[in-house]
Amino acid sequence: MARRTISDHTAHPWRIHDLAPDFEVEDVWAFRTPGAGPGDFRVAVEAIRSSGGIGRMPPAVRFLFAVRWRLGGLLGWDDPGSGVGGRVPSLRDRLPDDLLAAPRGEDRDDMPLKAVYETDTEAVRELANRTVHTLMHLGWARGADGDHELLMAVLVKPNGRFGRLYMAAIAPFRHFIVYPALTRGWERAWAERNGGPA
């Protein structure tokens, strides 16, 4: 598990750069996938999907998400009109024909971020509410040891001053609880998928 710099994301020729130039890169994390090669991106993504959603996260992470959804319900942050297709258009509205025709990836009820597009080297999901429009980008890149690794970037478009304050307030929880737990789960899923130690 390693936190990376924004340039570690922007240095790669992924298509997200042209599709979402108005989004800010908030966080970049790398996930170890020992033995992975250039053609294993979809294998890694499928391993992540099979690892389960929020319900299989550690108790601290599940608690944080439960508190967030509860607050969102009480304060109206997650009203249907505030989401994708309501307050903001979907990133899919910007896709060129080849990406519109490409696989999107699977959507599930336990995954709040919904699929936008998926290729052999990157995948994008999105979520919007009254605080922010956010994209989760997964990219496949060669690591320093020669194996390929998964880079996750979180791109955001905060909804005004309140959205920026919200992102600042949840940053410690993302960095010290949510992302480390996510990393452990995804790296374990890759190891189990490939017969290695979990």
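The values are calculated or read from the model by the stated rules, or taken from the named source; none is laboratory data. This one's a predicted model, so the numbers in the text were calculated from it and none came from an experiment. No Cβ is skipped: glycine too gets one built from the backbone with ideal geometry, and neighbour counts run over all protein chains shown. These accessible areas exclude ligands, DNA and RNA; they are computed on the full protein's heavy atoms, side chains included. Shrake-Rupley method; radii C 1.70, N 1.55, O 1.52, S 1.80 Å.
Observations on the model:
- Between Thr131, Thr183, the distinction of being farther than 23 Å from Pro59 by Cβ and either in contact with an Asp or Glu (Cβ under 7 Å, 6 or more places away or on another chain) or of a type outside the set (Asp, Glu) (or both) belongs to Thr131 only.
- Helices (runs of 4 or more DSSP H) contained in the stretch 94-198 and holding at least 3 residues open to solvent by less than 30 Å² (accessible area, probe 1.4 Å): 160-173, 179-193
- Yes/no for Gly85 being at positive phi and under 18 Å from the mean Cα position of the chain (by Cα): no
- Here Ala20 meets each of (1) open to solvent by 30 Å² or more (accessible area, probe 1.4 Å); (2) at pLDDT 95 or above; (3) touching a strand residue (DSSP E or B) at 6+ places or on another chain (Cβ under 7 Å); (4) not aromatic (Phe, Trp, Tyr) with one exception, condition (1).
- Considering residues of the stretch 72-93 that are among the acidic types (Asp, Glu) and touching a residue at least 12 places away in the same chain (Cβ under 8 Å) only, the residue surrounded by the most Cβ atoms within 10 Å (Cβ to Cβ): Asp78
- Evaluation of Ala2 against (1) of a type in the set (A, V, I, L, M); (2) at pLDDT below 90; (3) closer than 24 Å to Ser90 by Cα (one fails), failing number: (3)
Quick grid of which residues meet (1) out of contact with any strand residue (DSSP E or B) (no Cβ under 7 Å at 6 or more places or on another chain); (2) of a type outside the set (Lys, Arg):
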site: Val132; (1), (2): no, yes
site: Gly139; (1), (2): no, yes
site: Gly146; (1), (2): yes, yes
site: Met152; (1), (2): no, yes
site: Gly160; (1), (2): yes, yes
site: Arg164; (1), (2): no, no
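- Among the candidates Pro38, Pro58, Pro13, residue that is over 16 Å from Asp120 (Cα atoms) and open to solvent by 40 Å² or more (accessible area, probe 1.4 Å): Pro58
- Close pairs from the stretch 6-34: first touching a residue at least 24 places away in the same chain (Cβ under 8 Å), partner surrounded by fewer than 21 Cβ atoms within 10 Å (Cβ to Cβ) and of a type in the set (Phe, Trp, Tyr), Cβ under 6 Å, at least 6 apart: Trp29/Tyr179
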